[in-house]
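The values are calculated or read from the model by the stated rules, or taken from the named source; none is laboratory data. All values derive from a computational prediction rather than experimental measurement. In this analysis, Cβ positions are derived from the backbone assuming ideal geometry, glycine residues included, and neighbour counts consider all displayed protein chains.
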Amino acid sequence: MLRTDIDIRIATTEDAAAISRTILNALHETNARDYAPPVIERIAASFGPHHIARELAGRHFLVATLRDDVVGTVSLEKNVLRCFFVDPVYHRQGVGTALLEEIEGLAAANGYFSLAVAASVTAEHFYRRRGFTALRNVMQGSVRVILMTKELD
């Protein structure tokens, strides 16, 4: 069931712990299906609340909330999507799509004509269904990701 009660807003430093929790839940429950435990742990080490608070200062960060609880996040660095995660409890309910639509609008408003993402193996199908095209597979350390792009309307 697609949710209609999703609110999307700009993230604040007060959201750092909730953003971190959302990302860690997704990594440990969803991405762990496609990546080995040492890879997940290495990635997870970069998403603590203090790291997120520092990143909030340098990028456009959005959060999706339901009843004031953070359930998803995405950030934009120039025209590159970063930190795009939805808590697994809320998968397939429209949270990711709502975040993507909002961040696409933000990118376009900032003068960008396309978006790029280094998609996880886990998220590749999500991006394909929303108009992204795979360019190539790359290794970021020991992590395989798919570089993808989408032209904005």
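Between 97, 122, 149, the distinction of being β-branched (Val, Ile, Thr) and farther than 22 Å from residue 23 by Cα belongs to 149 only.
Exactly one residue out of 92, 3 is touching a helix residue (DSSP H, G or I) at 6+ places or on another chain (Cβ under 8 Å), over 22 Å from residue 140 (Cβ atoms), among the charged types (D, E, K, R) and surrounded by fewer than 18 Cβ atoms within 10 Å (Cβ to Cβ): that is 3.
Yes/no per residue for (1) of a type in the set (Ser, Thr, Tyr); (2) modelled with pLDDT under 95; (3) under 14 Å from residue 72 (Cβ atoms):
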site	(1), (2), (3)
87	no, no, yes
108	no, no, no
112	yes, no, no
129	no, no, no
133	yes, no, no
140	no, yes, no
144	no, yes, no
148	no, no, no
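Hey, any hits in region 61-76 for a residue that's touching a His at 6+ places or on another chain (Cβ under 8 Å), in contact (Cβ under 8 Å) with a residue 40 or more places away in the chain and aliphatic (A, V, I, L, M)? No, region 61-76 has no match at all. The residues of region 9-29 that are surrounded by fewer than 18 Cβ atoms within 10 Å (Cβ to Cβ) and touching a strand residue (DSSP E or B) at 6+ places or on another chain (Cβ under 7 Å), listed by number, are 9, 10. If you filter region 14-33 down to residues that are over 25 Å from residue 104 (Cβ atoms) and of a type outside the set (Lys, Arg), you find that the one that is farthest from the chain's Cα centre (by Cα) is 14. Among the candidates 32, 64, 44, the residue that is surrounded by 13 or more Cβ atoms within 10 Å (Cβ to Cβ), at pLDDT 95 or above and touching a helix residue (DSSP H, G or I) at 6+ places or on another chain (Cβ under 7 Å) is uniquely 64. Restricting the first member to region 26-43 and to residues that are of a type outside the set (A, V, I, L, M), and the second to residues that are part of a helix (DSSP H, G or I), the beta-carbon pairs closer than 8 Å and six or more apart or on different chains are 28/40; 28/44; 29/88; 30/88; 31/40; 31/43; 35/43.
Tell me the strands (runs of 3 or more DSSP E) entirely within region 41-153 that contain at least 3 residues that are of a type in the set (S, T, N, Q). Lay out the reasoning, then the answer.
Values: elements: 60-66, 69-77, 80-86, 114-120, 133-140, 143-151.
Once the strands (runs of 3 or more DSSP E) in region 41-153 are filtered for at least 3 residues that are of a type in the set (S, T, N, Q), what remains is 133-140.
For region 100-111, check the following and say yes or no: at least one residue is exposed (fewer than 13 other Cβ atoms within 10 Å of the Cβ), touching a strand residue (DSSP E or B) at 6+ places or on another chain (Cβ under 7 Å) and farther than 19 Å from residue 11 by Cα. Checked region 100-111: no residue is exposed (fewer than 13 other Cβ atoms within 10 Å of the Cβ), touching a strand residue (DSSP E or B) at 6+ places or on another chain (Cβ under 7 Å) and farther than 19 Å from residue 11 by Cα.
If only residues of region 94-136 that are polar (S, T, N, Q) and under 15 Å from the mean Cα position of the chain (by Cα) are counted, the one that is farthest from residue 60 (Cα to Cα) is 122.
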